[in-house]
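Data block below; observations after.
The values are calculated or read from the model by the stated rules, or taken from the named source; none is laboratory data. Quantities reported herein were computed from a predicted structural model and do not represent experimental measurements. Note: ideal-geometry Cβ built from the backbone for every residue, glycine included; neighbour counts use all protein chains shown.
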Amino acid sequence: MSKLEFAGKSVVITGAAAGMGKAITINFLKNGATVVAVDINGNALDELSRELKDNYSEDIVKNFIPFVGDISNQEVNEAMIERAISATGEINVLVNNAGVAGHSEPITETTNEDWNRIININLNGPMYAIRATVNKMIKQKNGGNIVTIASVAGIKGCRSSVAYSVAKHGLVGLCEHTAYAYMHQGIRSNIVCPGAIRTGMISKPELESEFGRSRIMSGMDPQFVFGDTSDISEAVVYLASDRAKFINGAKLVVDGGISCN
Ligand SMILES: NC(=O)c1ccc[n+]([C@@H]2O[C@H](COP(=O)([O-])OP(=O)(O)OC[C@H]3O[C@@H](n4cnc5c(N)ncnc54)[C@H](O)[C@@H]3O)[C@@H](O)[C@H]2O)c1
């Protein structure tokens, strides 16, 4: 594999300052891409910027473009795509990664506030981003790639809170629709469904409720298998590369096998 597979390409990554987004950002930078790294947490982006300067060459660091914004806001999504175009002339890859976990509530315990917050960030945000990206890619006339991080909760109904599960199932539909609707324009749209990956997200109390402990984990191997952020970043970079040129609308489960029960 060429180390600079994405040289000259622009990549927008949401939720880029931590967890999987950070690993995906560094992986694309190492492969030569210009990365617009979008995150709501400006301090974490500053920290990532310092980390890159301390550990990587100027060739890599100069291609890192931090962008502070909340992806539940439509204008932020449009502006981040414009930022990529102003950097390289085109938007070539979008990675919808940012997301938040709720607790583990079933529907009877779900407040409108929690529902709206999770749907706005985890589903509406990626919809705004994909719409803005595809509009630009159609005009560019040379295709492009969209990779969206859903979850095993996007293919199984009961692995998280109802709002999270609905948002992630929605992402699968959104991305399959996009894959089919724009295949003749050379725009590919694929989905990565992680299982449990060691990040800040799962140190939060996702499984703290009685429902979470007793129902979500039921039938699952009690010796939970955890993956690393690099397991996800490798999958994302592969799907966005020309090596995956005939893969479109796929749901790639990256979970060590836990969802096979
Ligand atoms: N960690 C897991 O086990 C796991 C499993 C399946 C799916 N996922 C999904 O993977 C993705 C990444 O998760 P992670 O574990 O790396 O999370 P994380 O909490 O470690 O990092 C998420 C990043 O997104 C940013 N972010 C949150 N809300 C944002 C917003 N509104 N606008 C912009 N940025 C925002 C955060 O500041 C943070 O930097 C999410 O979509 C998550 O649902 C995670």
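Some values worked out for this structure:
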quantity	calculated
Residues (farther than 14 Å from ILE81 by Cα, more than 12 Å from the ligand (Cβ to nearest atom) and assigned to a loop (DSSP other than H, G, I, E, B)) located in segment 1-45	MET1, SER2, LYS3, LEU4, GLU5, PHE6, ALA7, GLY8, ASN31, GLY32, ALA33
Qualifying positions in segment 71-116 - of a type in the set (D, E, K, R) and either under 17 Å from ILE40 (Cα atoms) or buried (at least 16 other Cβ atoms within 10 Å of the Cβ) (or both)	GLU75, GLU78, ARG83, GLU90, GLU105, ASP114
Evaluation of VAL172 against (1) assigned to a helix (DSSP H, G or I); (2) surrounded by fewer than 17 Cβ atoms within 10 Å (Cβ to Cβ) (one fails), failing number	(2)
Residue identified as surrounded by fewer than 23 Cβ atoms within 10 Å (Cβ to Cβ), touching a strand residue (DSSP E or B) at 6+ places or on another chain (Cβ under 9 Å), on the phi < 0 side of the Ramachandran plot and modelled with pLDDT of 95 or more among ALA18, ALA44, ALA37	ALA18
Candidate set: segment 140-154, residues that are at pLDDT 95 or above and surrounded by fewer than 21 Cβ atoms within 10 Å (Cβ to Cβ); chosen: the one farthest from THR25 (Cα to Cα)	LYS141
Any chance SER189 is closer than 26 Å to ALA23 by Cα and at pLDDT below 95	no
Any hit, segment 54-70, residues being under 21 Å from the mean Cα position of the chain (by Cα), in a helix (DSSP H, G or I) and closer than 17 Å to ILE24 by Cα	no
Every residue from segment 132-158 that is part of a helix (DSSP H, G or I) and touching a residue at least 12 places away in the same chain (Cβ under 8 Å)	ALA132, THR133, VAL134, LYS136, MET137, ILE138, GLN140, VAL152, ALA153, GLY154
Of all residues in segment 53-69 being of a type outside the set (A, V, I, L, M) and surrounded by 17 or more Cβ atoms within 10 Å (Cβ to Cβ), the one that is farthest from the ligand (Cβ to nearest atom)	ASN63
Selection from segment 94-131 of residues that are within 14 Å of the ligand (Cβ to nearest atom) and basic (Lys, Arg)	ARG117
Any hit, segment 88-106, residues being in contact (Cβ under 8 Å) with a residue 24 or more places away in the chain, touching a His at 6+ places or on another chain (Cβ under 9 Å) and in a helix (DSSP H, G or I)	no
